[in-house]
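Taking it in order: structure first as structure tokens, then the write-up.
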Amino acid sequence: MRVEDLDGPRVRPGMEARILDELRWLGLDWDEGPDVGGPRGPYRQSELSGRYRAAVQQLRDAGLAYPCFCSRAEIAAASHAPHGPSDEGARYPGTCRGLDAGEVARRSAVRSPAWRLAVPDGEVVFDDLVHGRQAFDVLGTVGDFVVMRADGIAAYQLAVVADDAAMGITDVVRGDDLLASTARQLLLFRALGLPAPRFAHVPLVVGEDGERLAKRHGALSLGELRGRGADPRAVVGLLASLCALAPEGAHVEPRELVRGFDLARVPRETAILHPARVEALGR
């Protein structure tokens, strides 16, 4: 259990404890984590700034990262800056990539820089366990991406790569909305000389309109379902049925799904969650 709490404005007091409590109510457990300890701690990203600084310094020493003084507004306003992935905004045009030492010193006296990975030309090719062979032109779609913000906070891509390697992660199974992130992370694994895990990107659960779940779809949080008296086994059964790992209407505990788990059974298309099925859980 790793707590990714680097996004300060979204981290609220008590949130971590509530999330862990609700996951336990659902029947999940973990061998290592911030509440149970373990040999690979700390397990909160907010406590691992030293690890991230060391990784960025390694990139700097190898000439693979450079300081960037551009604001988001300046990048967006740059000519011929197409929009990249939603988590990166406009493609970075490489404005600061060629700054000499004197110019870096001059700008540093005015503004603290962010640090960007100097992305090599060419496609990043990998095999996803769900989607098969993938190829992404990171330089052409994203450009040189941020690995550490100007305020000294590590970027998501850098933090998860450093943590996955330090924690011995072998398999990453996550939503396919993060498929495009994989190429950037693989570039960082290679640049840092770290072993990369296997990746599997599974379809999202969406509303009847095909959009990501939100309150307008009648989506309820685990806390709300729990407050309504829902049976956690019914909640797990619903999730498992959406993944084709259990029949509709099943009441199961997570541990019961382990023996029959097979990634090949998980559908390749998005799963539609009808509001009536969620409402039925809280009755």
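Quick rundown of the values:
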| item | result |
| --- | --- |
| Dimensionless Rg ratio for the range 133-234, taking C-alpha atoms and the 2.2 N^0.38 Å reference | 1.39 |
| Crossing angle, helix 156-166 versus the chain [Cα axis fit, 0-90 degrees, rounded to tens] | 70 |
| Rounded accessible area per residue of the chain, 1.4 Å, Å² | 54 |
| Scattering curve values for the range 24-158, log₁₀ I(q)/I(0), Debye with Cα scatterers, q = 0.10, 0.20 Å⁻¹ | -0.46, -1.22 |
| On Cα atoms only, tilt of 15-26 relative to the major axis of the chain in degrees | 40 |
| Helical mean residue ellipticity (222 nm; -39500 (n - 2.57) per DSSP H run of 4+; nearest 500) of the chain | -9000 deg cm²/dmol |
| The chain: angle of helix 232-242 to the longest principal axis, Cα-based, in degrees nearest 10 | 70 |
| Bins of 5 Å, starting at 0 and running to the largest distance - Cα pair percent for the chain | 1, 5, 10, 13, 16, 16, 14, 11, 8, 5, 2, 1, 0, 0 |
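The values are calculated or read from the model by the stated rules, or taken from the named source; none is laboratory data. Being a predicted model, the structure only gives us computed values, none of them experimental. In case anyone asks, the SASA skips ligands and DNA or RNA and just uses the protein heavy atoms, side chains included. Shrake-Rupley method; radii C 1.70, N 1.55, O 1.52, S 1.80 Å.
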